1. Can you tell me the relative contact order of the range 94-215? Whole percent, Cα pairs under 8 Å, sequence separation 6 or more.
2. Quick one: which residues, 5 or more positions from SER131 or on another chain, have an amide H under 5 Å from its amide H? H modelled 1.01 Å from N in the peptide plane, none for Pro or chain starts.
3. Could you work out how much longer the chain between ASP151 and ASN69 gets when fully extended? Use 0.36 nm per residue separation minus the Cα distance between them, nm to one decimal.
4. Cα convex hull of the range 240-395: mean projected area in nm², to one decimal?
5. Provide the gained length on full extension for the span ALA201 to ILE137, in nm with one decimal, where the gain is 0.36 nm per separating residue minus the Cα-Cα distance.
6. Starting with the highest mean, order 213-221, 313-321, 95-103 by the number of other Cβ atoms within 10 Å, averaged over the residues of each peptide.
7. Once you put a point 7 Å from the Cα of GLU279 and another 7 Å from the Cα of LYS13, both along the Cβ direction, what distance in nm separates them?
8. Can you tell me the Rg and Dmax of the range 293-338, counting just the alpha carbons, in angstroms?
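Computed from the coordinates by the stated procedures, all read-outs in this text should not be read as laboratory data. This structure is a prediction, so every number in the text was calculated from the model and none was measured. Cβ coordinates were reconstructed from backbone atoms using ideal geometry, including for glycine residues, and neighbour counts include every protein chain displayed.
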Amino acid sequence: MSTFEASSYIVWKFILVCMVIILILLVGSSYSLCEFEGLFNFGDSNSDTGGFYSAFPAQVAPNGMTYFNKPVGRSSDGRLIVDFLAQGLGLPFLSPYLKSIGSDFRHGANFANSASTVLPPTYSISVSGLSPFHLGIQLSQMKQFKAKVGDLFTQQKIRFGRGRRLSYECPSGPNLPSPDIFGKSIYTLYIGQNDFTSKLASLPILKDYIPQIISQIDATIKELYLQGGRTFLIFNLGPMGCYPGFLVEIHHESSDIDEFGCVISHNNVVNDYNKHLKETLTQTRESLKGASLIYVDTHSIILKLFQHPTSHGLKYGTKTCCGHGGGDYNFNPKIMCGNMAASACDDPQNYVSWDGIHLTDAANKIVSKAILNGSIFDPAFPLHKHCDLHPIDQF
Ligand SMILES: *[C@@H]1O[C@H](CO)[C@@H](O)[C@H](O)[C@H]1NC(C)=O
């Protein structure tokens, strides 16, 4: 054989092997057909699956006690909404982009980082307590991720042209997706809570920031669209005025508490923010041709959980499971969950609030069901028509 014949023989052999593998994958996955091959998430501790603790290592028990049986970098006793979403879509849990050991990005990546804000923090983490990985950085990381996947894919093709062996699954490299994943993925954004809480002390100042926060989110969505994203789920902000942590920490008059024990004025600002976000997305939707831009009203379902926990199979609303001090809230800002002196309840499955700020596995599961059954999407987006959804109760 001439060199040319030898290399074209290898090309054909390779194409054949790839086709057989694709066929096997198609047959094997016929039970879980899904238009979406990946999930890319941006956010804060509400959706951080270990990014912050990869950058700033720590093992904060008893986080993870219910589902993972050890701390895994999530601020909950178990799974977060993004975890249930992955399970529902038949995808693996998302690896944090910052996790350098044992990550698998074949079905997306998680850019979320605890204590992250939408707007860049003014002071370093040691002063502000806010993560340096704000939304702008998370977006640059995503662009870099996409560029590298593209580069490696091209490099492999060149190397292969010289007759070397290509990885058998035909992606860009081990644990990386193929470059066409970006148009076939769901992009979730769940961020803004820390922009709020870092300015909660002054409601008028906070109100002035709302348009800036939302326009930054809007710009991020438009940039992700330019990067090839076509399906966006944008989560609104939860009723922070009901979170035990804020009920204890933020000064309020007793007349400012509603019949469910939530701070009225703070919940009103959240409502203003959510309304503004929804309006902005309505406008942006017009300009994103061929895309689905969905406003996800997580607020409505979380509010229901705080107001009527028992109607959803839970027991306690504004009382913290993992905290210190007992009483109505069981929350002490100086001895928070993770502190040696704090302790967790025995029955987190009965609580909405895990640590005063974040939700329990049980509450996240109820919110996720509402997302997967399409009841809190605006406009309607029948996920089940795009994807053979897995019932999350089985996990
Ligand atoms: C969707 O799920 C939520 C949360 O479990 C539930 O409250 C709601 O009734 C469900 N809606 C539909 C239409 O199934």
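1. Details: 132 pairs, mean separation 29.3, N = 122.
For the range 94-215, the relative contact order is 24 percent.
2. So SER131 has HN proximity to SER116, THR117.
3. Values: separation 82, 0.36 × 82 = 29.52 nm, distance 3.85 nm.
25.7 nm is the gain from fully extending ASP151 to ASN69.
4. Numbers: hull surface 44.6 nm².
Averaging across all directions leaves 11.2 nm² for the Cα convex hull.
5. Values: separation 64, 0.36 × 64 = 23.04 nm, distance 2.61 nm.
This chain segment gains 20.4 nm when fully extended.
6. Working: 213-221: 19.3, 313-321: 21.0, 95-103: 16.4.
Result, highest mean Cβ count within 10 Å first: 313-321, 213-221, 95-103.
7. 6.5
8. 13.7, 43
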